[in-house]
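Chemist: Take this structure first; my questions come after.
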Amino acid sequence: MPENLDPFVIAQQQLDEAAEIMNLDKAAHAILREPKRVVEVNFPVRLSNGEVKTFKGFRVLYNDARGPGKGGIRYHPQETLSTVKALAAWMTWKTSLANIPYGGAKGGIICDPKTMNDRDLEALSRAYIRALHDLVGDDVDIPAPDVYTTPQIMAWMFDEYSALKGKNKFGMITGKPLEVWGSEGRFDSTAMGGMYVLREAAAYKKIDLKKAKIAIQGFGNAGNFAFSLAKKLFNANIVAVSDSKGGIYNEKGLDYEKVKEAKDKTGSVQGYEDAQKITNEELLELDVDILIPAAIENQIRQDNADKIKAKIVLELANGPVTPAADKILYERGILDLPDFLVNSGGVIVSYFEWVQNINGYYWKLDEVYSRLDEIISRSFHDTMNTQKEYADKGKKITPRNAAYIIAVSRVAAAMKARGWY
Ligand code: NAD
């Protein structure tokens, strides 16, 4: 039977699997299978060419038992409510696993930002906040950047919200530019968090990162910084990287600056000369030690999971491995670390930004990185320890199951304490 690749169906399947293993209370399970609040807004924007266009936007608050909703806003032509719901669910598990005082949320607008100028993007961003301002805020639901949204867009949203409320509300949104009190280290925090997890995972699997071969799918915010940081922190050998047009491979290693130059000059990493051109499918199946999917969802599936040769799969993208593939990788002894652990660095540093905004006291970069390292390394070890506890009881579970069990238990305990079930 073909796999169902609908992101929200996958998010529910993952929860159901964990609920069964941990014997989750039925009422708690039912609450956690669905978002608490789903909002669709349709709003007109006057574009710079004089046209008035109506856009559709979403904001989903999945669960707020442990604190206000937290989650990015995506601008994408193929944005769907199902994707936003799935990502809001994953944010709930992400903030809970990191043990930071938030729930989960996500937003999106169906639009094509690549075809819009700055004036129109600003008008769109301000209109979205006018449509939703009663439902977001520093103690309600706190947005952030995600696919195709930037610090500049966060600054416009913060400004619009503050104008509506008649006062500066810096903590209503994170991922802002430093000039309006964003946090040091936010821009590469997702990849940096992923690198701390990789360091711990390599030690766990007894892999020497200096000698390891790494392939990275994607060269956007997540993949680009993962490449440069893996080089800088571990002097690792990145042998392959890709973007939507395809990938490049050189067994001896790729030069970061030259890959970046090729991407800037030609629009694709395939403009790099000293490498063999490969497809995205071939990149996934390379004989490497570490595979970092850092692009889009559903890349490792039932039909290609048995061809993966890496010893560690580090899920920097959201949802790159399907539930069926998850099991295949586990049975083949590949350490597949789940997205909501690996890419939680972004939301952890967003949390630091919010704490700094609320206190009006700002941290240095070293402090941001060391606190991020402490939280995300603890999440990795919590996950592996939980997996081992179950193994000791004779129950084989994947790292994703283990991370779910930790995250879901915390949210369920908060709901129980509050009397929701
Ligand atoms: P991005 O838009 O900056 O980059 C995406 C990259 O993927 C680009 O290099 C693009 O060319 C490539 N790509 C697109 N389609 C592809 C395809 N079919 N095959 C291979 N590559 C393809 O996005 P990003 O911010 O780097 O996000 C990447 C992933 O990481 C997403 O799943 C996102 O949700 C997740 N993520 C990002 C952050 C963050 O802080 N940026 C945080 C958490 C999770």
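The values are calculated or read from the model by the stated rules, or taken from the named source; none is laboratory data. All figures in this text were calculated on a predicted structure; none of them were measured in a lab. Ideal geometry is used to build each Cβ from the backbone, glycine not excepted, and the neighbour counts take in all protein chains shown.
Chemist: Give Glu261, Glu281, Glu273, Glu315 a once-over and let me know the one that is among the acidic types (Asp, Glu), within 14 Å of the ligand (Cβ to nearest atom) and over 22 Å from Leu209 (Cα atoms). Give the derivation first.
Modeler: On the way: Glu261 fails: within 14 Å of the ligand (Cβ to nearest atom); Glu273 fails: within 14 Å of the ligand (Cβ to nearest atom); Glu315 fails: over 22 Å from Leu209 (Cα atoms).
One residue alone meets the criteria, Glu281.
Chemist: How about the range 160-170: which of its residues are surrounded by fewer than 22 Cβ atoms within 10 Å (Cβ to Cβ) and part of a helix (DSSP H, G or I)?
Modeler: Going through the range 160-170, the residues surrounded by fewer than 22 Cβ atoms within 10 Å (Cβ to Cβ) turn out to be 160, 162-170.
The answer is Glu160, Ser162, Ala163, Leu164, Lys165, Phe170.
Chemist: Being surrounded by fewer than 22 Cβ atoms within 10 Å (Cβ to Cβ) and in contact with an Asp or Glu (Cβ under 8 Å, 6 or more places away or on another chain) narrows it down to one of Ser125, Ser48, so name that one. Give the steps one after another, and end with the answer.
Modeler: Values: Ser125 fails: surrounded by fewer than 22 Cβ atoms within 10 Å (Cβ to Cβ).
Answer to the selection: Ser48.
Chemist: I've got another one for you. Can you run down the residue pairs with Cβ atoms below 8 Å, 6 or more apart or on separate chains, where the first is in the range 208-234 and among the charged types (D, E, K, R) and the partner is within 16 Å of the ligand (Cβ to nearest atom) and in a helix (DSSP H, G or I)?
Modeler: Lys231/Tyr256
Chemist: If a residue has to be of a type outside the set (A, V, I, L, M) and in a strand (DSSP E or B) to count, how many in the range 235-283 make the cut? Please lay out each step first, then the result.
Modeler: We begin by selecting, within the range 235-283, every residue of a type outside the set (A, V, I, L, M); these are 235, 237, 242-247, 249-253, 255-258, 260-261, 263-268, 270-274, 276-277, 279-282.
Next cut, in a strand (DSSP E or B) only: 237, 242-243, 246-247, 249, 276-277.
Qualifying residue count for the region: 8.
Chemist: Every residue in the range 1-55 that is free of Cβ contacts under 8 Å to residues at least 60 places away in the same chain, touching a helix residue (DSSP H, G or I) at 6+ places or on another chain (Cβ under 6 Å) and part of a loop (DSSP other than H, G, I, E, B), please.
Modeler: Once the filter is applied, which keeps residues that are free of Cβ contacts under 8 Å to residues at least 60 places away in the same chain, touching a helix residue (DSSP H, G or I) at 6+ places or on another chain (Cβ under 6 Å) and part of a loop (DSSP other than H, G, I, E, B), the range 1-55 yields only Pro35.
Chemist: In the range 62-90, how many are outside any helix (DSSP H, G or I), more than 18 Å from Pro145 (Cβ to Cβ) and touching a helix residue (DSSP H, G or I) at 6+ places or on another chain (Cβ under 7 Å)?
Modeler: Our first condition is that a residue be outside any helix (DSSP H, G or I); within the range 62-90, this holds for 62-80.
Adding the requirement that they be more than 18 Å from Pro145 (Cβ to Cβ) leaves 62-67, 78, 80.
The next check asks that each one be touching a helix residue (DSSP H, G or I) at 6+ places or on another chain (Cβ under 7 Å); those that pass are 62-63, 65-66.
Number of matching residues: 4.
Chemist: Could you please find all residues in the range 256-278 being loosely packed, with under 14 Cβ neighbours inside 10 Å, closer than 10 Å to Lys245 by Cβ and under 25 Å from the mean Cα position of the chain (by Cα)?
Modeler: Passing the criteria: only Gly267.
Chemist: Of the residues that make up the range 230-238, is at least one in the same structural domain as Gly319 (by TED's automatic domain parsing), within 8 Å of the ligand (Cβ to nearest atom) and basic (Lys, Arg)? If you could, list the steps in order and put the result at the bottom.
Modeler: Residues of the range 230-238 that are in the same structural domain as Gly319 (by TED's automatic domain parsing), as a first pass: 230-238.
Restricting the remaining residues to those that are within 8 Å of the ligand (Cβ to nearest atom) gives none.
Among the residues of the range 230-238, not one is in the same structural domain as Gly319 (by TED's automatic domain parsing), within 8 Å of the ligand (Cβ to nearest atom) and basic (Lys, Arg), which makes the answer no.
Chemist: Test Lys205 against the stated conditions and say whether it is more than 20 Å from Pro320 (Cβ to Cβ), surrounded by fewer than 24 Cβ atoms within 10 Å (Cβ to Cβ), more than 15 Å from the ligand (Cβ to nearest atom) and not assigned by TED's automatic domain parsing to the domain that holds Lys94. Before you say what the answer is, go through the steps one by one.
Modeler: Values: more than 20 Å from Pro320 (Cβ to Cβ): no; surrounded by fewer than 24 Cβ atoms within 10 Å (Cβ to Cβ): yes; more than 15 Å from the ligand (Cβ to nearest atom): yes; not assigned by TED's automatic domain parsing to the domain that holds Lys94: yes.
So Lys205 does not fit the description; no.
Chemist: Yes or no: the range 129-139 includes at least one residue that is part of a helix (DSSP H, G or I), within 13 Å of the ligand (Cβ to nearest atom) and out of contact with any Pro (no Cβ under 6 Å at 6 or more places or on another chain). Spell out how you get there, then give the answer.
Modeler: Filtering the range 129-139 for residues part of a helix (DSSP H, G or I) gives 129-135.
If we keep only those that are within 13 Å of the ligand (Cβ to nearest atom) too, we end up with none.
No, the range 129-139 has no match at all.
Chemist: Testing Asn250 on (1) away from the ligand (no atom under 16 Å from the Cβ); (2) touching a helix residue (DSSP H, G or I) at 6+ places or on another chain (Cβ under 6 Å); (3) not hydrophobic (A, V, I, L, M, F, W, C), one condition comes back false. Which one is that?
Modeler: Condition not satisfied by Asn250: (2).
Chemist: Could you give every pair whose Cβ atoms fall below 8 Å, whose first residue belongs to the range 310-331 and is surrounded by fewer than 22 Cβ atoms within 10 Å (Cβ to Cβ), and whose second residue is polar (S, T, N, Q) and assigned to a helix (DSSP H, G or I), counting only separations of at least 6 or pairs across chains?
Modeler: As it stands, the answer is Pro323/Gln13; Pro323/Gln14, since those pairs meet every condition given.
Chemist: What is the one condition in (1) assigned to a helix (DSSP H, G or I); (2) more than 16 Å from the chain's Cα centre (by Cα); (3) within 16 Å of the ligand (Cβ to nearest atom) that Leu286 does not satisfy?
Modeler: (1)
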